[in-house]
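The values are calculated or read from the model by the stated rules, or taken from the named source; none is laboratory data. Not measured: the values here are computed from a predicted model. Cβ sites come from the backbone with ideal geometry, for glycine too, and all protein chains shown count toward neighbours.
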C-alpha cells in the first residue's frame, strides 16, 4: 500500500535501537527523510547507516523536557521542518509500590511524560501552520493493563495518554493527528533488561512489524485517525475496551 508519505520529514526520538529504530526504518522505506537521536554518537551513527535513505543522526538525550525540546529544534534545523514526530524514550527503572521511593517519581515523570509534552509543544505549531502533521507517541500497553513491577512506567505513561487525548481533541480540525501506539513485549533490549533469560521463553513481537504500524498511523490514509491509542501486543490485553 502506498502510504502517501514520500517527501515528508520525520523526527524519531530514541531510535538507535528497538522500537524507535524500527519505526524510523519503516518511515524511511516509505520515502520519508528521517532524523533520529540517541545519546551515544557511535550507536546513533550506526543506526542511521543501517536505515540509509539519507537518515540524519543526532546526538540528543530526550529523558527530560529540555532534551526533548532540543531534539525537536535540532531535527527541525537539519530537516528544514518536521511533518512527523515520533516520541519515544527508555522506560524508568523497575520497582513496586513498596520498593519505590517517593523521590523516584519526579525523574520518571520527566523522562516518560514531560519529554513527550515538550516534544509535542515544540513540533505542533509548525504542523498546525502547514495544515498537515502527525504526532505518534510510543508508549506501552501498561496504560490499559498495568504491568507488575513497573509502577513508575505505569504511572507516567498513563499521564502521557491523557495528555495526547486532550491535544488530539484540540487539534482535530487542523490537519494534525495525535495518536499513540502501545507496545506489549517485543524483542528489544528493554525487554531483555527487564526479564533476563526468561525473555527467551516469552511470546515476543517483531519490532519491524511494530514499525510498520507506526508508519501507517502517519499515513495519508490515517488522516481521520486521531485521539487513538492502539495496543500492539499479540493479544495479551484481553479486555473488551
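Residues checked against (1) within 21 Å of residue 179 (Cα to Cα); (2) assigned to a loop (DSSP other than H, G, I, E, B); (3) more than 13 Å from the chain's Cα centre (by Cα):
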{"position": "24", "(1), (2), (3)": "yes, no, no"}
{"position": "28", "(1), (2), (3)": "yes, no, yes"}
{"position": "36", "(1), (2), (3)": "yes, no, no"}
{"position": "43", "(1), (2), (3)": "no, no, yes"}
{"position": "46", "(1), (2), (3)": "no, no, yes"}
{"position": "63", "(1), (2), (3)": "yes, yes, no"}
{"position": "66", "(1), (2), (3)": "no, no, yes"}
{"position": "89", "(1), (2), (3)": "yes, yes, no"}
Take the residues in the stretch 72-87 that are under 24 Å from residue 174 (Cα atoms) and part of a helix (DSSP H, G or I); name whichever of them is farthest from the chain's Cα centre (by Cα). 77
Please indicate, with yes or no, whether at least one residue in the stretch 117-124 is within 22 Å of residue 4 (Cα to Cα), out of contact with any strand residue (DSSP E or B) (no Cβ under 6 Å at 6 or more places or on another chain) and either crowded, with 19+ Cβ neighbours inside 10 Å or at pLDDT 95 or above (or both). yes
Applying the selection to the stretch 63-91, what residues are surrounded by fewer than 22 Cβ atoms within 10 Å (Cβ to Cβ), closer than 20 Å to residue 7 by Cα and touching a helix residue (DSSP H, G or I) at 6+ places or on another chain (Cβ under 7 Å)? 73, 81
Among (1) surrounded by fewer than 18 Cβ atoms within 10 Å (Cβ to Cβ); (2) under 17 Å from residue 111 (Cβ atoms); (3) free of Cβ contacts under 8 Å to residues at least 12 places away in the same chain, residue 2 falls short only on (2)
Flagged in the stretch 173-186 as within 24 Å of residue 141 (Cα to Cα) and outside any strand (DSSP E or B), in numbering order, are 184, 185
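I'm trying to understand the selection: among the residues of the stretch 5-16, which are in contact (Cβ under 8 Å) with a residue 40 or more places away in the chain and on the phi > 0 side of the Ramachandran plot?
Within the stretch 5-16, just 14 meets the criteria.
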Taking the stretch 17-31 and keeping only residues that are surrounded by fewer than 24 Cβ atoms within 10 Å (Cβ to Cβ), touching a residue at least 40 places away in the same chain (Cβ under 8 Å) and over 16 Å from residue 62 (Cα atoms), one is left with 29, 30
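Output the residues belonging to the stretch 199-235 that are assigned to a loop (DSSP other than H, G, I, E, B), modelled with pLDDT under 85 and either over 20 Å from the mean Cα position of the chain (by Cα) or under 23 Å from residue 9 (Cα atoms) (or both). Please lay out each step first, then the result.
Taking the stretch 199-235 as the starting set, the residues that turn out to be assigned to a loop (DSSP other than H, G, I, E, B) are 202-204, 206, 218-228, 233-235.
Retained after the next criterion (residues that are modelled with pLDDT under 85): 202-204.
Within the stretch 199-235, 202, 203 qualify.
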For residues that are touching a residue at least 24 places away in the same chain (Cβ under 8 Å) and surrounded by fewer than 22 Cβ atoms within 10 Å (Cβ to Cβ), scanning just the stretch 32-50, find the one that is farthest from residue 212 (Cα to Cα). 40
Determine whether residue 54 is in a loop (DSSP other than H, G, I, E, B), at positive phi, surrounded by fewer than 17 Cβ atoms within 10 Å (Cβ to Cβ) and touching a residue at least 60 places away in the same chain (Cβ under 8 Å). no
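Filter the stretch 92-101 down to residues that are at pLDDT 95 or above and either closer than 23 Å to residue 11 by Cβ or in contact with a helix residue (DSSP H, G or I) (Cβ under 9 Å, 6 or more places away or on another chain) (or both) and give me whichever is surrounded by the fewest Cβ atoms within 10 Å (Cβ to Cβ). Spell out the reasoning first.
From the stretch 92-101, those at pLDDT 95 or above are 95-101; that's our starting set.
Of the ones still in play, those that are also either closer than 23 Å to residue 11 by Cβ or in contact with a helix residue (DSSP H, G or I) (Cβ under 9 Å, 6 or more places away or on another chain) (or both) are 95-97, 99-100.
On the way: 95: 16, 96: 10, 97: 6, 99: 11, 100: 18.
Ranking the candidates gives 97 first.
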Tally the residues that are crowded, with 24+ Cβ neighbours inside 10 Å and more than 17 Å from residue 214 (Cβ to Cβ), restricting the search to the stretch 128-141. 0
